[in-house]
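Data first, discussion second: the structure below is written as structure tokens.
The values are calculated or read from the model by the stated rules, or taken from the named source; none is laboratory data. Quantities reported herein were computed from a predicted structural model and do not represent experimental measurements. A quick note on method: Cβ atoms are made from the backbone with ideal geometry, for glycine too, and the neighbour counts reach across all protein chains shown.
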Amino acid sequence: MITATEALERLRAGNGRFVSDSEQNVSTARKHRSELVVGQEPFAIVLGCSDSRVPAELVFDQGLGDLFVIRVAGNVVAPSQVGSVEFAAERFGTRLVVVMGHSTCGAVQATLEELERPSESRSPNLRSIVDRIWPSVQGLLATDLRHDPDALLENAIRANIRASADHLRHGSQTLEQMIQKDGLLVVGAEYSLETGIVDFFDGVPTQHS
């Protein structure tokens with residue numbers, strides 16, 4: 001088992017390879033497949049958005065068995081996502097959890113639109129996603145950001161990431177105990193669709209910021 005800080009550095013290095021087009025792990029997946037039949041030891045848990053442009057394994061240049069990935073629109077945190085993180089942290093001893101959103105997130109944009117112009121026709125299933133995002137972004141509409149749509153979206157995306165990470169830190173007794181006693185670390189990050197860079201900006205230990 002590697003520590004949370006070691007895992008974070010491994011992700012930083014992998015993202016650096018991805019950005020510089022020097023990936024190492026994508027082409028080795030077939031070779032490792034048979035080795036992983038008996039078990040897995042993922043070194044990081046990634047709760048990310050379902051957006052097709054943000055596959056965590058590629059973004060961090062990791063191979064089969066390296067990451068335990070949970071993807072849902074808007075990287076929201078519902079009971080099933082909390083349970084998935086708890087499962088991986090307990091079963092595999094994984095000590096790093098990354099909540100990863102991304103620039104121009106459609107789910108966050110849809111939430112802002114819903115707050116400004118409520119819709120009666122939205123599917124209740126889609127509304128359940130919006131309802132988990134709006135508490136973290138609603139307050140932004142009361143600031144001067146409401147006059148700058150691009151800045152509003154950028155701030156809302158980060159607010160949503162922070163809220164999801166905070167939910168994992170404090171919305172689960174299991175995870176909270178692991179944070180206090182077992183070195184579990186939950187951080188928030190944003191992937192830039194434009195540059196390919198992942199910015200770890202929330203909950204990162206000072207020496208790694």
Checked Phe43, Phe87, Phe60, Phe92 against criteria (aromatic (Phe, Trp, Tyr) and within 18 Å of Asp199 (Cβ to Cβ)); the one match is Phe60
Selection within region 145-199 - small (Gly, Ala, Ser), in a helix (DSSP H, G or I) and within 22 Å of Val77 (Cβ to Cβ) | Ala156, Ala159, Ala163, Ser164, Ala165
State yes or no: is Ala44 surrounded by fewer than 19 Cβ atoms within 10 Å (Cβ to Cβ) and touching a residue at least 24 places away in the same chain (Cβ under 8 Å)?
-> no
Within region 141-148, is there a residue that is exposed (fewer than 13 other Cβ atoms within 10 Å of the Cβ), modelled with pLDDT under 95, small (Gly, Ala, Ser) and within 23 Å of Ser80 (Cβ to Cβ)?
-> no
Residue, nearest to Glu194 (Cα to Cα), within region 105-154, restricted to residues that are among the β-branched types (Val, Ile, Thr) and in contact (Cβ under 8 Å) with a residue 12 or more places away in the chain = Val108
Checking Ile179, Ile157, Ile197 in turn, the sole residue that is modelled with pLDDT of 95 or more, surrounded by 18 or more Cβ atoms within 10 Å (Cβ to Cβ) and either within 16 Å of the chain's Cα centre (by Cα) or within 23 Å of Asn15 (Cβ to Cβ) (or both) turns out to be Ile157
Quick check, is Ala88 of a type in the set (Gly, Ala, Ser), farther than 16 Å from Asp166 by Cα and buried (at least 22 other Cβ atoms within 10 Å of the Cβ)?
-> no
